[in-house]
């Protein structure tokens, strides 16, 4: 019951300390005791139908105590404390004044009040210094017994046998006052004990927290040291692996550079090769025939890095096997498709292969989904006709190609003296400008082919192939804003003599 009463008044208090909560709880209990005391006294005086002054004064004190409880409910504990203090003072003062003024048992008053006052001092001292609630309870019972004994003995000793209502009221008032003081003393002891328990618990928890914190810090320090050691070991291992991978990449680059042509087989051909990484998936090669013709192959493997470079080594192996049987471009691509399909899963290759006859200035070619070469002359720059671009390699077998009606087709064109053919991979045409990306995101979609390629090639019909490629790369780097690229770049230029 008492706990419900306390929880009702303190339910609006959130995140308060245990000490504050305990103080507010005992303030409410003091208010409750004072209210019961005043109600009892007021009812007694109303029944007695005398002493209007006491009824009014006790009602005022009752209001003070009630206001204190309301202020606690409204979360104004400081103001509630002042009203509670005034109410307690009013309780004791009114009842002592009541005994001294409004009784005709004057012979009893000095002696009884002396005893009562002495025991009140004892009760307050017990409330402050005692650790046991039984001490103020025993003192209160002793005081009650002494008051009753003294009251009876005094009346017999003084032969004052007439028992008036005022005398009885005075006696009851003293008893009620004494009980209230005993109640306050017991509450003081309880409050002191609870506060001491809270302090000891906080000290214990503080010590435990410090110990736990020290243990946690030590444990975390050990874990961090262990983690640092493991990270150091992992770093060393990763460094070794990285160095090994770097060595392997350098070796792979050397191997790839060995099977990619190092120099042009004829004066009218030039090339430029720049992989995005140490190794790349772009590939080009030349096949020389005994009758003076020359085959030009350029291809682009999907993806980048070691996997793509490995596929280029397979293409090189295929080219070496063809030798003089590579005179028919369409047949060459068909055999290349069958070879790659049986070797590489989930990777495709685009390729362009043509055979140039310098005596007739005749070029026979076929495409497997690759970018069409550009023809450069004094009239301008344009794509050569590759029909429907052909089918990319390594996506289906030759039998399935034929069933679906796909095939590689040879096309022929006659070239004029001074014409140039530019073979390339999409690393050239799809390069984008990176300098203005933040200023204009649309610039990302404007690639080199759309903005600069044709303008850069115009007027280059009269310069040698090697110089043409150098100038084209200068334009590309300038347009890109960097000499690093997001794809491999492979260029081959042929001049018609």
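Each value in this text was obtained by applying a stated rule to the coordinates, not by laboratory testing. Worth saying up front: this structure is predicted, and the values here are computed from it rather than measured. Ideal geometry is used to build each Cβ from the backbone, glycine not excepted, and the neighbour counts take in all protein chains shown.
Figures for the structure shown
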{"item": "Estimated inter-spin distance, residue 46 and residue 7, nm [label 7 Å along Cα→Cβ]", "result": "3.3"}
{"item": "Length released on extending from residue 430 to residue 232, taking residue separation times 0.36 nm less the Cα-Cα span", "result": "67.1 nm"}
{"item": "Three-way shape call for the range 442-488 based on the alpha-carbon gyration tensor, with the a/c threshold at 1.5", "result": "oblate"}
{"item": "Per-pair calculated FRET efficiency, R0 = 51 Å: residue 223 and residue 134 via Cβ, rounded to 0.05", "result": "0.45"}
{"item": "Mean Cβ count within 10 Å, highest first, over the residues of peptides 330-337, 295-302, 398-405", "result": "295-302, 330-337, 398-405"}
{"item": "Three-way shape call for the range 344-479 based on the alpha-carbon gyration tensor, with the a/c threshold at 1.5", "result": "oblate"}
{"item": "Virtual spin-label span in nm between residue 402 and residue 242, 7 Å along Cα→Cβ", "result": "5.4"}
{"item": "Förster radius 35 Å - calculated FRET efficiency between residue 302 and residue 414 (Cβ-Cβ, nearest 0.05)", "result": "0.55"}
{"item": "Three-way shape call for the range 261-495 based on the alpha-carbon gyration tensor, with the a/c threshold at 1.5", "result": "oblate"}
{"item": "Additional length obtainable on full extension of the chain from residue 70 to residue 466, 0.36 nm per residue less Cα span", "result": "132.7 nm"}
{"item": "Förster radius 45 Å - calculated FRET efficiency between residue 478 and residue 289, Cβ distance, rounded to 0.05", "result": "0.70"}
